[in-house]
Amino acid sequence: MASFPGLRLRRLRATPAMRSLAAETRVHPHDLVAPLFVIEGRGLRREIKSMPGQFQFSVDKLAAEAAALFELGVPAVMLFGIPGAAAKTPDARKAYAKDGIVQKAVAELKRRVPGLSVFTDLCLCEYTTHGHCGILEAPLALGTARAGRVIANDPTLEVLARIAVSHAGAGADWVAPSDMMDGRVAAIRRALDTAGHPSVGILSYAAKSASAFYGPFREAAASAPAFGDRRSHQMDPGNGREAMREIEQDLAEGADMVMVKPALPCLDLIRDARERFSAPIAAYNVSGEYSMVHAAAQRGWGDLQGLRDESLGAIKRAGAGIIVTYWARSFAEDFRRRRGLDHGY
Ligand code: PBG
């Protein structure tokens, strides 16, 4: 068995060319999905304070961003609709309105960037007055949601199914349920097929934990719960075996791809899922993972590009074939600038 001094692993790292040959993990823009936030209005491109370099776009500006991403090699976007306070109701009915914000955005993207895959995030939280991901049990009069009420699973499935059909009708290629209700994948699959959308795929947020890393997103999407938290449906971050049961269940119900979320705190789960299941595994490199890198870089505590590339590389090495990430545009731009060369020789 070779050992030092015969074995010298530094030979593999001696030059940029050798480092390139020995590289085990390469992130490519083709691996990435860019989350995009869409708002009502025209000509708007509002920077999100808690997420530097991320914007809320009106539909017209959104298409330009999506076209730029597609041209840079990013094959897909994930749309988040921000309907505005006036459109929120306890039953989230604006989420499946024909002229809803996501529906308009999808139609425009399919018209302007036909080759781009359009995924839509499927949840109620941006559309409910109370900010919860489902219908509350025993609904009281409008706007009187109060602490301690329970999210009713099965009535929520009907709403999710309606939203999915509505997104598909607008032209969405994939829907991505992020609510963590039981049985939603089967309900959505059935509804899509019945409505004549058998080719619309389901990317399930299968193993999604009740994470503190979603903080910046809730500001971006105005979707923080008005009371309580999400621990009755999102998972305990410490539960790895349960995460595998969630994935198994969603695949059994017909999910085409499954997602682990958040990504960096769950690299072990990404690896476990990769080893156990043969379906494509996606990971969501969430808002907190993105914003804390920016916060550190702003203070001079780390190099932004280095932290970004190492984050994405770790997620890919763990086993994610698809990474949903706010870094998509900046990574793809730098990738192009480097002409795809990791080591710059
Ligand atoms: C729910 C949803 C959330 C995120 C994606 N979909 C927020 C939540 O569950 O509270 C978080 C994404 C991020 O933090 O980047 N619709």
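The values are calculated or read from the model by the stated rules, or taken from the named source; none is laboratory data. Keep in mind the model is a prediction, meaning the values are calculated, not measured. Using ideal geometry, Cβ is built from the backbone for each residue, glycine included, and neighbour counts are taken over all protein chains shown.
Tabulated data
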read-out: Residue in segment 154-177 that is free of Cβ contacts under 8 Å to residues at least 24 places away in the same chain, part of a helix (DSSP H, G or I) and either more than 16 Å from the ligand (Cβ to nearest atom) or touching a strand residue (DSSP E or B) at 6+ places or on another chain (Cβ under 7 Å) (or both) present; value: yes
read-out: Odd one out for PHE57 among (1) surrounded by 15 or more Cβ atoms within 10 Å (Cβ to Cβ); (2) of a type in the set (A, V, I, L, M, F, W, C); (3) assigned to a loop (DSSP other than H, G, I, E, B); value: (3)
read-out: Residue selected from segment 271-299 under the condition within 13 Å of the ligand (Cβ to nearest atom) and hydroxyl-bearing (Ser, Thr, Tyr), by the criterion nearest to the chain's Cα centre (by Cα); value: TYR284
read-out: Selected residue (criterion: surrounded by the fewest Cβ atoms within 10 Å (Cβ to Cβ)) from residues of segment 20-45 that are touching a strand residue (DSSP E or B) at 6+ places or on another chain (Cβ under 8 Å) and among the charged types (D, E, K, R); value: ARG42
read-out: Selection count, segment 84-127, where residues are assigned to a helix (DSSP H, G or I), away from the ligand (no atom under 16 Å from the Cβ) and touching a strand residue (DSSP E or B) at 6+ places or on another chain (Cβ under 9 Å); value: 5
read-out: All positions within segment 266-288 that are in contact (Cβ under 8 Å) with a residue 12 or more places away in the chain and surrounded by fewer than 23 Cβ atoms within 10 Å (Cβ to Cβ); value: LEU267, ASP268, ARG271, ASP272, ARG274, GLU275, ARG276, PHE277, ALA279, PRO280, GLY288
read-out: Qualifying positions in segment 214-224 - more than 7 Å from the ligand (Cβ to nearest atom) and assigned to a loop (DSSP other than H, G, I, E, B); value: ALA222, ALA224
read-out: Conditions (1) within 12 Å of the ligand (Cβ to nearest atom); (2) under 21 Å from ASN153 (Cβ atoms); (3) in a helix (DSSP H, G or I): number failed by ASP229; value: (3)
read-out: Close pairs from segment 30-51: first among the aromatic types (Phe, Trp, Tyr), partner not in a strand (DSSP E or B), Cβ under 7 Å, at least 6 apart; value: PHE37/ALA220; PHE37/ALA221
read-out: Scope segment 183-213; condition surrounded by fewer than 22 Cβ atoms within 10 Å (Cβ to Cβ), in contact (Cβ under 8 Å) with a residue 60 or more places away in the chain and within 16 Å of the ligand (Cβ to nearest atom); matching residues; value: SER211, ALA212
read-out: Sole exception among (1) more than 16 Å from the ligand (Cβ to nearest atom); (2) part of a loop (DSSP other than H, G, I, E, B) for ASP268, by number; value: (2)
read-out: Selection count where residues are small (Gly, Ala, Ser), modelled with pLDDT under 95 and either touching a Leu at 6+ places or on another chain (Cβ under 9 Å) or buried (at least 22 other Cβ atoms within 10 Å of the Cβ) (or both), scope segment 145-182; value: 2
read-out: Selection from segment 57-90 of residues that are of a type in the set (A, V, I, L, M, F, W, C) and touching a Ser or Thr at 6+ places or on another chain (Cβ under 7 Å); value: ALA76, LEU79
